[in-house]
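This report refers to the structure that appears directly beneath it.
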Amino acid sequence: MNTTLKIGLVSISDRASSGVYQDAGLPALHDWFTRALRSPWQSITRLIPDEQALIEATLIELADREACHLILTTGGTGPAPRDVTPEATLAVAHKVMPGFGEQMRAVSLKFVPTAILSRQVGVIRGKSLILNLPGQPKAIKETLDGIFAAVPYCIDLIGGPTIETNPEIITAFRPKSA
Amino acid sequence: MNTTLKIGLVSISDRASSGVYQDAGLPALHDWFTRALRSPWQSITRLIPDEQALIEATLIELADREACHLILTTGGTGPAPRDVTPEATLAVAHKVMPGFGEQMRAVSLKFVPTAILSRQVGVIRGKSLILNLPGQPKAIKETLDGIFAAVPYCIDLIGGPTIETNPEIITAFRPKSA
Amino acid sequence: MNTTLKIGLVSISDRASSGVYQDAGLPALHDWFTRALRSPWQSITRLIPDEQALIEATLIELADREACHLILTTGGTGPAPRDVTPEATLAVAHKVMPGFGEQMRAVSLKFVPTAILSRQVGVIRGKSLILNLPGQPKAIKETLDGIFAAVPYCIDLIGGPTIETNPEIITAFRPKSA
């Protein structure tokens with residue numbers, strides 16, 4: 001009696017949301033999950049500008065009304081004045097998961113020294129795990145490859161469906177003793 | 001004129017505190033300190049459920065009234081709804097010590113990818129260092145092996161007794177220039 | 001049409017500021033930047049005691065009135081009761097940059113296990129990047145060697161001048177795709 005995993009994908013970018021350029025974050029996220037997941041899933045996508053109140057409202061809608069088990073944002077985590085994704089994510093958090101931010105930066109630091117500038121956070125709101133990912137498709141893939149092994153067990157613990165992964169892409173880890 | 005190190009050991013678990021199963025955290029902690037410490041020490045133990053207000057009250061009692069120099073919690077640091085040990089610990093903190101949480105997760109990540117889900121923190125309250133440890137005996141030992149080298153110097157700096165360790169288990173590090 | 005990089009250097013120490021001993025932090029910082037920077041820069045220095053309100057006022061003055069692009073503090077980041085530099089820095093922050101604290105500790109941990117006790121943070125206030133460095137000259141150099149590659153790009157993103165570095169000391173990294 002498994003249920004379908006519901007994933008919210010939120011691309012946060014002033015320029016992509018106003019049509020100045022094509023959003024590349026949502027396709028990169030969708031592509032990764034298509035390759036990585038074996039169990040049933042569906043996604044809901046949003047493309048919004050770097051406005052903190054709007055990001056907060058979008059995350060709350062996807063968590064509380066749409067009941068997404070997993071919400072991924074892309075973009076808006078740097079030091080520039082318009083980058084407010086982490087502030088919006090922390091503002092709607094019930095629990096902060098500091099290991100995700102630390103490990104996402106540690107993974108990215110293997111590729112670029114400027115990963116230190118990323119302010120990504122991971123939080124839980126109700127029964128939703130929310131993770132901030134980088135904006136670039138290459139960095140999105142590197143980050144998910146580096147941290148997703150722990151996500152299925154986290155979703156188990158907060159009451160979501162059992163996620164099965166494609167071991168050629170990622171192997172879910174669930175501790176035996178827990 | 002050394003004084004005895006006073007250690008508070010707090011196991012936080014709904015099931016162990018209600019007798020559903022035997023607590024394994026306090027014995028694991030006691031065993032590690034028995035092997036690791038050479039200087040005199042005594043411990044005070046508590047076994048309590050995952051209730052934030054009770055955890056806070058217990059930490060305050062052990063720090064302020066019992067004057068424990070070091071307080072170790074075990075359990076309650078994951079993402080599940082009842083896991084509130086980090087929130088309780090931060091709520092009673094005078095100073096946050098972010099390096100402990102980071103390094104405890106980095107140490108555990110060498111053993112299991114799901115260490116990223118641990119929300120452990122380290123804080124100072126008055127003259128007490130409070131550290132959240134994992135719940136599993138194996139992870140308790142791995143974490144203490146990985147971070148305890150810095151604890152004696154921290155206790156020095158906050159006005160506690162000089163801790164001497166058994167170098168077969170852990171070698172305390174005290175910088176010369178400080 | 002480059003402008004001169006303005007660097008605020010703040011040594012925070014009760015004993016050095018009262019003349020009990022000679023401050024070693026400001027000379028170490030000045031020396032590192034003299035060797036590391038090729039583009040024009042100037043510095044403003046302050047030597048103050050470990051008083052939180054005074055540290056906050058000094059950081060605000062250097063950021064808002066002196067318009068420093070980069071502010072480095074040295075000292076006051078440990079667990080001792082008088083160590084309040086991180087609290088003062090967070091109190092004046094507009095954005096927290098968690099990667100700097102994490103990576104500064106990770107770099108220092110390669111040299112001493114007690115690096116875990118450092119509570120250093122990095123933040124942005126307006127157009128200023130503020131970083132807490134350790135107090136010891138050797139640790140100051142090790143830390144700047146380990147994290148400065150990402151600083152010029154950060155200063156770019158918050159609207160400061162283009163920093164050029166001496167590649168024998170440090171190579172600035174700027175991602176191509178950003």
> For segment A:19-64, max minus min Cα coordinate along each principal axis, in Å, sorted largest first?
Replying inline: 35, 30, 10
> Given the C-alpha centroids of segment C:92-122 and segment B:111-168, what is the distance between them in whole angstrom?
Replying inline: 18 Å
>> Distance between the C-alpha centers of segment B:72-87 and segment C:1-78? Whole Å please.
In response: 39 Å
>> Under 20 Å from a point placed 7 Å out from the Cα of A:Phe111 along the Cα-to-Cβ direction: which residues of segment A:72-88 have their backbone N that close?
In response: A:72-80, A:85-86
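Any idea what % of Cα-Cα pairs in chain A are farther than 28 Å? Could you put the intermediate results ahead of the total?
Values: 2434 of 15753 pairs.
I get 15 percent for the Cα pairs in chain A exceeding 28 Å.
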>> Let me confirm the definition first: pairs of Lys residues in chain B, 8 or more apart or on different chains, C-alpha distance under 16 Å. How many are there?
In response: 4
> So for segment A:43-176, taking the charge dipole from beta-carbon charges (+1 Lys/Arg, -1 Asp/Glu), which of A:Gly101, A:Ile140, A:Thr77 sits furthest toward the positive end?
Replying inline: A:Gly101
>> Placing the label point 7 Å from Cα along the Cα-to-Cβ direction, what are the distances from A:Glu164 to the equivalent spots in the other copies, shortest first, in nm to one decimal?
In response: 6.0, 6.0
> Cα axis of helix B:98-109 to longest principal axis of chain B: angle in degrees, 0 to 90, nearest 10?
Replying inline: 70 degrees
> Using alpha carbon coordinates only, what is the Rg to Rh ratio of the protein assembly as shown, with Rh defined as the Kirkwood radius?
Replying inline: 0.97
> According to the Cα gyration tensor, what semi-axes, each the square root of 5 times an eigenvalue, does the equivalent ellipsoid of segment B:122-167 have, listed from largest to smallest in whole Å?
Replying inline: 20, 14, 7
> To the nearest 20 debye, what is the magnitude of the charge dipole of the protein assembly as shown about its Cα centre, counting +1 on the Cβ of each Lys and Arg and -1 on the Cβ of each Asp and Glu?
Replying inline: 760 debye
>> If you filter segment B:103-163 for chymotrypsin sites (Phe, Trp or Tyr not before Pro), then keep DSSP loop positions with at most 15 other Cβ within 10 Å, what is left?
In response: B:Phe111
>> Using all alpha carbons of segment A:76-157, what is the percent of pairwise distances in each 5 Å bin, ordered from the shortest bin to the longest?
In response: 3, 16, 27, 26, 19, 8, 2, 0
>> With N set to the number of residues, divide the alpha-carbon radius of gyration of segment C:77-117 by 2.2 N^0.38 Å and report two decimals.
In response: 1.28
>> Just to be sure I understand: chains A and C are related by a rotation, so which residue of A has its Cβ closest to that axis, and how close in Å?
In response: A:Glu102, 3
> For the pair C:Thr171 and C:Ile44, what calculated FRET efficiency results from E = 1/(1 + (r/R0)^6), where r is the Cβ-Cβ distance and R0 = 22 Å, to the nearest 0.05?
Replying inline: 0.25
>> I want the antiparallel fraction of DSSP beta bridges within segment A:5-157, as a percent rounded to 5.
In response: 25 percent
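Given the DSSP H assignment, sum -39500 (n - 2.57) over each helix run of at least 4 residues in chain A and divide by its residue total; what's the result at 222 nm in deg cm²/dmol, nearest 500?
Taken over chain A, the calculation gives -10000 deg cm²/dmol.
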>> Nothing charged except the Cβ atoms of Lys and Arg (+1) and of Asp and Glu (-1): what's the magnitude of the dipole of chain A about its Cα centre? Round to the nearest 20 debye.
In response: 400 debye
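We did not get these values from a lab; they are worked out from the coordinates using the rules stated. Just so you know, these numbers come straight off a predicted model, no measurement behind them. Positions of Cβ are generated from backbone atoms using ideal geometry, with glycine treated the same way; all protein chains shown enter the neighbour counts.
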